[in-house]
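Notes to accompany the following structure.
The values are calculated or read from the model by the stated rules, or taken from the named source; none is laboratory data. Not measured: the values here are computed from a predicted model. Every residue, glycine as well, gets a Cβ built from its backbone with ideal geometry; the counts of neighbours run over all protein chains shown.
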Amino acid sequence: MTAALTVTYLGGPTALLELAGVRLLTDPTFDPPGEYPIGARKLVKTGSPGLDAEEVGLVDAVLLSHDQHPDNLDHGGRAWLARQPLALSTAAARERLGGPVRALAPWETTEVARPDGGTLTVTAVPAQHGPDGSEPLTGPVLGFVLSGEGLPTVYVSGDNASLDVVRSIAGRFPSVDVAVLFAGAAQTPVVPGAHLTLSSEDAAAAAELLGAGTVVPVHFEQWAHFTEGRDTLAPAFDKRGLGDRLRLLPPGGRTVIEP
């Protein structure tokens, strides 16, 4: 018997995943709309989260793809993160944030205890936050795969723009049940003219490569640097005949993915 996965989409890159009694939150962002200066440029947040930090409360683990960009960890997210028992992220995030952050390298695993006495295995997987060669500009990023006995296999992409990276993950995990894909085709002056996250078409291609039965897109709205969003995701999935796999949630929306 495989457990159900409940996904609550808060907005931006933030989603609450509940699986076999384990609660995990992706990239915490809890601030209201506002501007975030980064050197000579700025990122602009345009929407508020569907749940606030107090409503989420404590989780068993935070899946923090990276800490260096405010659209993945804003001020409210940082304050909330510091109160959590465990956050899994990059070595750079561990060095900068300390506290509950545990560093994982790509393909490294750790286990989170389940209330039923079993374990949830979290595998850190590669992510490429832009085109080839962009890591010195955008910094290190991780994705995650969740798995375990009696559990669906869940891929959380983090800020990844590379289908070659998705192929490498599909090669290691040939049976992905659910994909939580960071989309939006983000663009900033750091890498002019290039997508820093998956476009809608690439998100659909990623779902096909993974063979994912269900896809929950996140990180495609509530920030001004996204060039694609809700209106492009459904057509892209329909074009590949994958429209029935898509769970496109509003901020605060919740879906239960049954085995």
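Quick notes on this structure:
- Being touching a Leu at 6+ places or on another chain (Cβ under 9 Å) and in contact (Cβ under 8 Å) with a residue 40 or more places away in the chain holds for only one residue in T46, T14, and it is T14.
- None of G143, G118, G184 is of a type outside the set (S, T, N, Q) and over 22 Å from R247 (Cβ atoms) except G118.
- Scan of the stretch 56-77 for residues that are among the charged types (D, E, K, R) and in contact (Cβ under 8 Å) with a residue 40 or more places away in the chain, ordered by number: D60, D71, D74
- Helices (runs of 4 or more DSSP H) fully within the stretch 159-259 counting 2 or more residues that are free of Cβ contacts under 8 Å to residues at least 40 places away in the same chain and within 17 Å of the chain's Cα centre (by Cα): 200-210
- Of the criteria (1) surrounded by fewer than 17 Cβ atoms within 10 Å (Cβ to Cβ); (2) within 15 Å of the chain's Cα centre (by Cα); (3) closer than 21 Å to G252 by Cα, which one Q68 fails: (3)
- Every pair of residues 6+ apart whose Cβ atoms lie under 9 Å, when the first sits in the stretch 22-43 and is farther than 30 Å from L5 by Cα while the second is crowded, with 16+ Cβ neighbours inside 10 Å and of a type in the set (A, V, I, L, M): E35/L43; Y36/L43; P37/L43; I38/V190; R41/V190
- Condition check for E111: touching a strand residue (DSSP E or B) at 6+ places or on another chain (Cβ under 8 Å) and free of Cβ contacts under 8 Å to residues at least 24 places away in the same chain: yes
- Some residue of the stretch 136-146 being under 22 Å from L73 (Cβ atoms), touching a Gly at 6+ places or on another chain (Cβ under 8 Å) and either assigned to a helix (DSSP H, G or I) or modelled with pLDDT under 95 (or both): yes
- Filtered residues of the stretch 200-221 (kept if under 24 Å from L16 (Cβ atoms), buried (at least 23 other Cβ atoms within 10 Å of the Cβ) and of a type outside the set (F, W, Y)): S200, A203, A206, A207, L210, A212, V215, V216, P217, V218, H219
- Scanning the stretch 10-45 for residues that are surrounded by fewer than 23 Cβ atoms within 10 Å (Cβ to Cβ), under 17 Å from H225 (Cα atoms) and of a type in the set (G, A, S) turns up G34, G39, A40.
- Applying the criterion of being free of Cβ contacts under 8 Å to residues at least 24 places away in the same chain and not charged (D, E, K, R) to the residues of the stretch 83-106, the residue that is surrounded by the fewest Cβ atoms within 10 Å (Cβ to Cβ) is G98.
Each row is one residue, and each column tells you yes or no for (1) out of contact with any strand residue (DSSP E or B) (no Cβ under 9 Å at 6 or more places or on another chain); (2) of a type in the set (V, I, T); (3) assigned to a loop (DSSP other than H, G, I, E, B).
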site	(1), (2), (3)
T6	no, yes, no
L10	no, no, no
L16	no, no, no
T29	no, yes, yes
P32	no, no, yes
V44	no, yes, no
L51	no, no, yes
S65	no, no, yes
